[in-house]
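Trainee: Got a structure for you, questions after.
The values are calculated or read from the model by the stated rules, or taken from the named source; none is laboratory data. Everything quoted here is computed from the prediction, not taken from an experiment. So basically every Cβ, Gly included, is an ideal-geometry build from the backbone, and we count neighbours across all protein chains shown.
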Amino acid sequence: MIDVTISEVGPRDGLQNIDCVLPTADKLRWIEALAAAGLPEIEVGSCVSPKLLPQMADTVEVARSARTLDVQIAVLVPNLKGVERILPERPDKISLPLSVSETHSRRNVNRSHEEMFAEIAAIAGRLKELPKAERPHFEVGLSTAFGCTIEGPVSEALVVDLAVRAVRTGADEVGLSDTTGCGNPSQVRRLIRAVRSEVGSEKLTGIHLHNTRGQGLANALAALEEGLTTLDASLGGLGGCPFAPGASGNIVTEDLVFMLEAMGLNTGVDFDALMRAREALIGVLPREIPIFGFTPDAGLPLGMRVGAR
Ligand code: ZN
């Protein structure tokens, strides 16, 4: 039994934030290595316009191939059109980003809050047409929930309102996203409590954290202690911009696995196989793309083993 589900988002969040397009075969080899390491869920890409994000142009193809692996497949979708594109590949989970900052929402997906709720309603309606067994889990991720680089501080009351409305409009679940890496552990605790008290604990189980200011693992621990069970992370903290030294992506999968396993929590991950996935990634990335993580350099402490139990 897995205690904490690590959702590996490197192939989506990591690759879409670096300035190079990975060939499909390289992506697939990396995703295979991630699945072989025992990661239970992988976000394999996003169904956005290839003109906007050429890195994600092959998401449908990648999802189709990844379907054959023993892993849950998640895909990010900005709208109903994206859902229609990915549905034939039978993803296990689809995530729609609803940015709490409306300015960010317009820049990110070119839609106001009202327009996003129309998309949520349309997607929920479309999924209801499917037989239950074929319905992907529909999550609405509340982006910029901890602060926005354009609007600045974000109202916590607004985060709660949008979460309630997303669930009422048909989302199976909401997630909290620290898109800009502004969050701190107190804020993480406060926001999880506030949202859960309005939508119910079962409607908020996951969080998406970035390590931009080095708070990633502290925030992950706060979320865990509040009872969340799914943590997004990316291998090597992939996602740093090559033109912004020190900028990093999501929390580092390798370090998160070490922290959780050292605390006695089962992640289902085999650390040696995870290192092979890291090598697979390093092997296909241009050298100027930064790769993060302390545990890969230090190794596991003497006597510690992290393998599938
Ligand atoms: Zn992100």
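Let's see how each residue does on (1) farther than 18 Å from Gly249 by Cα; (2) touching a residue at least 24 places away in the same chain (Cβ under 8 Å); (3) hydrophobic (A, V, I, L, M, F, W, C):
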position	(1), (2), (3)
Phe138	yes, yes, yes
Gly141	no, yes, no
Thr149	no, yes, no
Glu156	yes, yes, no
Arg165	yes, yes, no
Thr169	yes, yes, no
Asp172	yes, yes, no
Ser177	no, yes, no
Gly181	no, yes, no
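So that you can scan it fast, the table gives a plain yes or no per residue for (1) of a type in the set (A, V, I, L, M); (2) over 18 Å from the mean Cα position of the chain (by Cα); (3) within 28 Å of Asn17 (Cα to Cα):
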{"residue": "Gly175", "(1), (2), (3)": "no, no, yes"}
{"residue": "Asp178", "(1), (2), (3)": "no, no, yes"}
{"residue": "Gly181", "(1), (2), (3)": "no, no, yes"}
{"residue": "Pro185", "(1), (2), (3)": "no, yes, yes"}
{"residue": "Arg190", "(1), (2), (3)": "no, yes, no"}
{"residue": "Ser197", "(1), (2), (3)": "no, yes, no"}
{"residue": "Gly200", "(1), (2), (3)": "no, yes, no"}
{"residue": "Lys203", "(1), (2), (3)": "no, no, no"}
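Trainee: With the structure loaded, tell me whether Arg85 is under 23 Å from Glu41 (Cβ atoms), without any contact (Cβ under 8 Å) to a residue 60 or more places away in the chain and surrounded by fewer than 18 Cβ atoms within 10 Å (Cβ to Cβ) or whether it fails that test.
Mentor: Criteria met by Arg85.
Trainee: Right, next: Can you tell me how many residues in the stretch 3-16 are charged (D, E, K, R), under 19 Å from Asn211 (Cβ atoms) and away from the ligand (no atom under 16 Å from the Cβ)?
Mentor: 0
Trainee: Given the structure, is Ser201 in contact with a Gly (Cβ under 9 Å, 6 or more places away or on another chain), hydroxyl-bearing (Ser, Thr, Tyr) and touching a residue at least 60 places away in the same chain (Cβ under 8 Å)?
Mentor: no
Trainee: Here is a further query. With the requirement that a residue be among the hydrophobic types (A, V, I, L, M, F, W, C) and either part of a helix (DSSP H, G or I) or over 14 Å from the mean Cα position of the chain (by Cα) (or both), what does the stretch 120-144 give you?
Mentor: Scanning the stretch 120-144 gives Ile120, Ala121, Ala122, Ile123, Ala124, Leu127, Leu130, Ala133.
Trainee: Tell me, which helices (runs of 4 or more DSSP H) lie completely within the stretch 176-274 with 3 or more residues that are within 16 Å of the ligand (Cβ to nearest atom)?
Mentor: Where helices (runs of 4 or more DSSP H) fall fully within the stretch 176-274 and carry at least 3 residues being within 16 Å of the ligand (Cβ to nearest atom), they are 216-225.
Trainee: Without any contact (Cβ under 8 Å) to a residue 60 or more places away in the chain and of a type in the set (Lys, Arg): is that true of Arg276 in this structure?
Mentor: No, not satisfied.
Trainee: So Leu53 fits all but one of (1) more than 19 Å from Leu176 (Cα to Cα); (2) within 16 Å of the ligand (Cβ to nearest atom); (3) touching a residue at least 40 places away in the same chain (Cβ under 8 Å); what number is the exception?
Mentor: Failing condition for Leu53: (3).
Trainee: Within the stretch 173-212, how many residues are among the hydroxyl-bearing types (Ser, Thr, Tyr) and surrounded by 24 or more Cβ atoms within 10 Å (Cβ to Cβ)?
Mentor: So the count comes out to 2.
Trainee: In contact with a Phe, Trp or Tyr (Cβ under 9 Å, 6 or more places away or on another chain), more than 14 Å from the ligand (Cβ to nearest atom) and either in a loop (DSSP other than H, G, I, E, B) or hydrophobic (A, V, I, L, M, F, W, C) (or both): does that describe Val159?
Mentor: yes
Trainee: Please go through the stretch 107-142 and give me each residue that is touching a strand residue (DSSP E or B) at 6+ places or on another chain (Cβ under 8 Å) and modelled with pLDDT under 95, ordered by number.
Mentor: Correct list: Asn108, Val109.
Trainee: Moving to a separate point now. Quick one: Leu300 ticks every box in (1) assigned to a helix (DSSP H, G or I); (2) surrounded by fewer than 22 Cβ atoms within 10 Å (Cβ to Cβ); (3) free of Cβ contacts under 8 Å to residues at least 60 places away in the same chain except a single one, so which number is it?
Mentor: In the conditions (1) assigned to a helix (DSSP H, G or I); (2) surrounded by fewer than 22 Cβ atoms within 10 Å (Cβ to Cβ); (3) free of Cβ contacts under 8 Å to residues at least 60 places away in the same chain, Leu300 misses (1) alone.
Trainee: A further question follows. Any chance you could count how many residues in the stretch 17-47 are within 14 Å of the ligand (Cβ to nearest atom) and in contact (Cβ under 8 Å) with a residue 60 or more places away in the chain?
Mentor: Within the stretch 17-47, residues that are within 14 Å of the ligand (Cβ to nearest atom) and in contact (Cβ under 8 Å) with a residue 60 or more places away in the chain number 3.
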